[in-house]
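Novice: After the structure tokens below, expect a handful of questions from me.
The values are calculated or read from the model by the stated rules, or taken from the named source; none is laboratory data. Because the structure is a prediction, the values reported are computed rather than measured. So basically every Cβ, Gly included, is an ideal-geometry build from the backbone, and we count neighbours across all protein chains shown. The area values use the complete protein model at the heavy-atom level, side chains included, leaving out ligands, DNA and RNA. Shrake-Rupley method; radii C 1.70, N 1.55, O 1.52, S 1.80 Å.
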Amino acid sequence: MDFQLSMPKSGDDHENKPNPDEIREVIIIGAGPAGLTAAIYTARAHLNPLMIEGYFSGGQLMDTTEVENYPGFRNGIMGPDLMAEMHAQAERFGTEFLAKDVTKVDLSGDIKKVWVEDDLFQAKTVIISTGATANYLGLENEKRLLGRGVSACATCDGFFFQDKEICVIGGGDSAMEEATFLTKFASKVYLIHRRDQFRASKIMVKKAADNPKIEFIMDTVVEDVLGEDAVTGVRLKNVKTGEVTDLPVEGMFLAIGHTPATKLFVGQLEMNDKGYIVTSTDKHNITATSVPGVFACGDVQDDHYQQAITAAGSGCQAALDVEHFLESQAMDVETESSMAAAA
Ligand code: NAP
């Protein structure tokens, strides 16, 4: 299996660097399934989108193995392959890409301002599709041993655990998926969950439960990560009995949910108590944020469904909402100028 499939990249070595002086119709920030779908739709609508995709384009699907539930791929498709296809499709219709991180935004005026280091890009509308990033337990030794046995990316790091005993933390679909995937390498995978019931879908729990290399440890939290230079074990506490035990493992993979990537927009857009961008309840403008001309799609505004296909669907909605917004703006300008001419 090829996990190194590279995304087409732009950025510094791009022949046609986006022109910072141009006022664009739309800038899209973030290149996961939501952003790339928005790019495909806005590019096909001749809105010449600039996609600022970040240094790590593709979002969470770049860390995913086989995606079996994205319609159209009856035998499944690897996450990075799916993203490479979407990227190429967006490029085919003329999306301009910039593979750098946005450093600052000012969304307040009619013309939205987006900085990438010292370069300022401006547009009438912005679509935010920055997604979400993996959570950690917050233990000191977890941080210290990150990359030395601690990981939140099974696809990136699984290979390093050939014939080793490891653990996965979490009880959702990601935990099941990662534990199952890691059995390709590890000799044993302990799946440690803090409750006695899983949040994951039944089919994914069954797949993990049926795997002879996976052992579930329920009602248990990780109190500490052990090891000096590399992980040698985890200290576990059973939350029902209070019993503390050390489990010897050489790897600990986190699959305990995500935090939305919304830091850039704090104070400028309404967010919920979990930090997700709040979008409209108007079903004809469902991706609108609290600021006119700014739209959000995908996991950055979805703390519930969080599927590749729902992200892609909301990317499409954002593109259509942008189109509608720009049309109504243009109509307002037309009406104003004909009223001025008549006066
Ligand atoms: P999730 O559904 O939010 O599950 C997170 C899990 O981590 C929960 O079981 C939670 O425990 C546990 N957890 C959270 N904080 C913890 C902490 N501090 N210590 C210990 N455990 C902690 O997240 P996810 O699994 O990443 O899934 C996110 C979304 O993506 C879901 O909608 C899921 O269906 C979807 N997804 C789908 C697929 C697929 O269909 N192929 C694959 C992956 C993800 P509690 O249950 O006790 O809260």
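Novice: Per the 1.4 Å probe, what fraction of the accessible area of the chain, in percent, lies on carbon and sulfur atoms? Walk me through the numbers on the way to the answer.
Specialist: Numbers: 8730 of 17580 Å².
So the carbon and sulfur contribution to the accessible surface is 50 percent.
Novice: With the cut-off at 1.5 for a/c, could you classify the range 169-221 from its C-alpha gyration tensor as rounded, prolate or oblate?
Specialist: Values: a/c = 1.83, a/b = 1.31, b/c = 1.40.
Judged from the Cα gyration tensor, the range 169-221 comes out oblate (a/c at least 1.5, b/c at or above a/b).
Novice: Next up: Looking at the chain, send over the antiparallel percent of its DSSP beta bridges, to the nearest 5. Kindly include the intermediate steps, with their values, before the conclusion.
Specialist: Values: 25 of 56 bridges.
In the chain, approximately 45 percent of DSSP beta bridges are antiparallel ones.
Novice: Follow-up question, since we're still on this one. Over 22 Å between Cα atoms: which of Lys202/Lys240; Lys207/Lys274; Lys113/Lys263; Lys184/Lys206; Lys17/Lys104; Lys17/Lys112 fall into that group? Let's see the in-between values first.
Specialist: Working: Lys202/Lys240 24 Å; Lys207/Lys274 31 Å; Lys113/Lys263 16 Å; Lys184/Lys206 17 Å; Lys17/Lys104 19 Å; Lys17/Lys112 20 Å.
Checking Cα-Cα distances, Lys202/Lys240; Lys207/Lys274 exceed 22 Å.
Novice: So what are the ³J(HN,Hα) numbers for the range 311-324, from phi and the Karplus equation (6.51, -1.76, 1.60; θ = phi - 60°), rounded to whole Hz, Gly and Pro as x?
Specialist: 4, 4, x, 6, x, 5, 4, 4, 4, 5, 5, 5, 4, 5
Novice: Also: Can you tell me how much longer the chain between Ala341 and Ile203 gets when fully stretched, taken as 0.36 nm per residue apart minus their C-alpha distance, in nm with one decimal?
Specialist: Details: separation 138, 0.36 × 138 = 49.68 nm, distance 6.58 nm.
Extending this stretch completely gives an extra 43.1 nm.
Novice: Test of the criteria: in the range 104-164, which chymotrypsin sites (Phe, Trp or Tyr not before Pro) are in a DSSP loop and have at most 16 other Cβ atoms within 10 angstrom of their Cβ? Please report the intermediate quantities before stating the final value.
Specialist: Details: sites: Trp115, Phe121, Tyr136, Phe159, Phe160, Phe161; in loops: Tyr136.
Passing sites in the range 104-164 are Tyr136.
Novice: Rolling a 1.4 angstrom probe over the protein heavy atoms, how many square angstrom per residue are accessible across the chain?
Specialist: So the chain comes to 51 Å² accessible per residue, rounded to a whole number.
Novice: Give, in nm to one decimal, the length gained when the segment between Asp196 and Glu85 is fully stretched (0.36 nm per residue of separation minus the Cα-Cα distance).
Specialist: Numbers: separation 111, 0.36 × 111 = 39.96 nm, distance 3.96 nm.
Going from the current span to full extension adds 36.0 nm.
Novice: Identify, among Thr125, Gly227, Leu36, the residue whose Cα sits farthest towards the positive end of the charge dipole of the chain, taking +1 on the Cβ of Lys and Arg and -1 on the Cβ of Asp and Glu, with the dipole about the Cα centre.
Specialist: Gly227
Novice: Quick check on the chain: helices-only [θ] at 222 nm, where DSSP H runs of length 4 and up contribute -39,500 (n - 2.57) each and the sum goes over total residues. Nearest 500, please. Write out the running numbers ahead of the final one.
Specialist: Numbers: 7 runs with 88 residues, N = 343.
When only DSSP H runs of four or more count, the value is -8000 deg cm²/dmol.
Novice: Looking at the range 136-254, send over the antiparallel percent of its DSSP beta bridges, to the nearest 5.
Specialist: Details: 10 of 26 bridges.
Counting only bridges with both partners in the range 136-254, antiparallel ones make up about 40 percent.
Novice: Indicate the gyration tensor shape class of the chain (rounded, prolate or oblate), computed on the Cα atoms with a ≥ b ≥ c the square roots of the eigenvalues: a/c under 1.5 is rounded; otherwise a/b larger than b/c is prolate and the rest oblate.
Specialist: Working: a/c = 2.30, a/b = 2.12, b/c = 1.08.
Prolate, because a/c is 1.5 or more and a/b exceeds b/c.
Novice: In nm, to one decimal, how far is the His304 label point from the Ser328 one, both placed 7 Å along Cα→Cβ?
Specialist: Result: 2.3 nm between the two label points.
Novice: Test of understanding: in a Gaussian network model of the chain with alpha carbons linked when under 10 Å, which of Asp303, Asp81, Asp21 would top the mean-square fluctuation ranking?
Specialist: Asp21
Novice: If you stretched the chain out fully between Ala230 and Glu117, how much longer would it get, using 0.36 nm times the residue separation minus the C-alpha to C-alpha distance?
Specialist: Taking Ala230 through Glu117 to full extension adds about 37.1 nm, to one decimal.
Novice: Could I ask something else about it? Treat every Asp and Glu Cβ in the chain as -1 and every Lys and Arg Cβ as +1, leave all other atoms uncharged, and give the resulting dipole magnitude about the Cα centre to the nearest 20 debye.
Specialist: Details: 30 positive and 52 negative charges, 185 e Å.
Magnitude of the dipole: close to 880 debye.
Novice: I've got another one for you. To the nearest 20 Debye, how big is the dipole of the range 192-316 about its Cα centre, given +1 on the beta carbon of each Lys and Arg and -1 on that of each Asp and Glu?
Specialist: Details: 13 positive and 17 negative charges, 100 e Å.
In total the dipole reaches around 480 debye.
Novice: Would you work out if the range 136-254 is rounded, prolate or oblate? Take a ≥ b ≥ c from the square roots of the eigenvalues of the alpha-carbon gyration tensor; rounded if a/c is under 1.5, else prolate when a/b is larger than b/c, oblate otherwise.
Specialist: Working: a/c = 1.67, a/b = 1.11, b/c = 1.50.
Here the range 136-254 falls in the oblate category.
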